[in-house]
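Every number here is computed from the coordinates shown, using simple stated rules; none is lab data. What you see is a predicted model; the values in this text were computed from it and never measured.
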Amino acid sequence: MKHKMTEAEMAAQIAQLVAMSDSAIDTIDIPEAPLENWALAKRPGLYKPLKKPVTLRLDTDVVSWFKDHAQSDGYQTDIRPKSTACCAATSKTRARRNKPRECVSNFYSP
């Protein structure tokens, strides 16, 4: 049967590691990661917005544009960042005036 460490034992072990210098820690069984592994690395953000599944009816020309210009996993995946960017660019006063076509037309600009 395996021995489970108590909190006091874990705290003592952590304190011992903290007191050691980096060069004193044995990392021989942990290989160094090559620089190529870090080329596409991303630091995870702390903020993860909540998402809500919705049903959305779009004009056929809008759907065709997204299908033709899909850059990632699929055209539906590309709709979210484009709509988020559009909402950020559109001021609240424009949104209050009910101009949805203005936002959709921004999708077509490069």
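Let a ≥ b ≥ c be the square roots of the eigenvalues of the Cα gyration tensor of the stretch 1-85; is it rounded (a/c under 1.5), or, if not, prolate (a/b larger than b/c) or oblate? Display every interim value, and only then the final one.
On the way: a/c = 4.04, a/b = 2.46, b/c = 1.64.
Note, shape of the stretch 1-85 comes out prolate.
Residue by residue, the stretch 27-39 carries 3J(HN,Hα) couplings of 10, 5, 8, 10, x, 5, 7, x, 4, 4, 5, 9, 4 Hz when phi is fed to the Karplus relation 6.51 cos²θ - 1.76 cosθ + 1.60 (θ = phi - 60°); x denotes Gly or Pro. In the structure displayed, which of Lys2/Lys42; Lys4/Lys48; Lys4/Lys42; Lys42/Lys82 lie more than 26 Å apart, Cα to Cα? Distance filter (> 26 Å) returns Lys2/Lys42; Lys4/Lys48; Lys4/Lys42.
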